[in-house]
1. Using the heavy atoms of the protein chains and a 1.4 angstrom probe, tell me the accessible area per residue for the chain in square angstrom.
2. Loop only per DSSP, at most 13 neighbouring Cβ atoms within 10 Å: give me the chymotrypsin sites (Phe, Trp or Tyr not before Pro) in the chain, ordered by residue number.
3. So how tilted is helix 3-21 from the main axis of the chain? Cα-based, degrees 0 to 90, rounded to 10.
4. How far, in degrees from 0 to 90, does helix 31-40 lean away from the longest principal axis of the Cα atoms of the chain, to the nearest 10?
5. Please state the relative contact order of the chain as a whole percent: Cα pairs under 8 Å, 6+ residues apart?
6. Give the ranking of 16, 31, 40 by solvent-accessible surface, highest area first, calculated with a 1.4 Å probe.
7. Trypsin sites (Lys or Arg not before Pro), restricted to the chain: which are DSSP loop and have at most 12 other Cβ atoms within 10 Å?
Amino acid sequence: MSFIAMMAMETMMNAVDRLLTGGAELTWWVVPLMLAMGFVTPLPYNYWRLKALGKTCH
């Protein structure tokens, strides 16, 4: 995983947590939403990196 993709994922997960709970407190119903947004956010960058540069994480 690249540093850029990791930072985008973590930033989005924290933003979703703060937006939905009003602070940095994990609740059971926010975790699936955080994980889904954390997965989707770096996909465009990772796709570009794979297609344009031919670089993968392996």
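1. 77 Å²
2. Passing both the DSSP loop test and the Cβ count: 28, 29.
3. The angle comes out near 20 degrees.
4. It works out to around 20 degrees.
5. 39 percent
6. Ranked list, largest accessible area first: 40, 31, 16.
7. In loop regions of the chain (DSSP not H, G, I, E or B), the sparsely surrounded trypsin sites (Lys or Arg not before Pro) are 55.
The values are calculated or read from the model by the stated rules, or taken from the named source; none is laboratory data. For clarity, every value in this text was computed on a predicted model and none was experimentally measured. Every residue, glycine as well, gets a Cβ built from its backbone with ideal geometry; the counts of neighbours run over all protein chains shown. All accessible areas refer to the heavy atoms of the entire protein, side chains included, with ligands and DNA or RNA removed. Shrake-Rupley method; radii C 1.70, N 1.55, O 1.52, S 1.80 Å.
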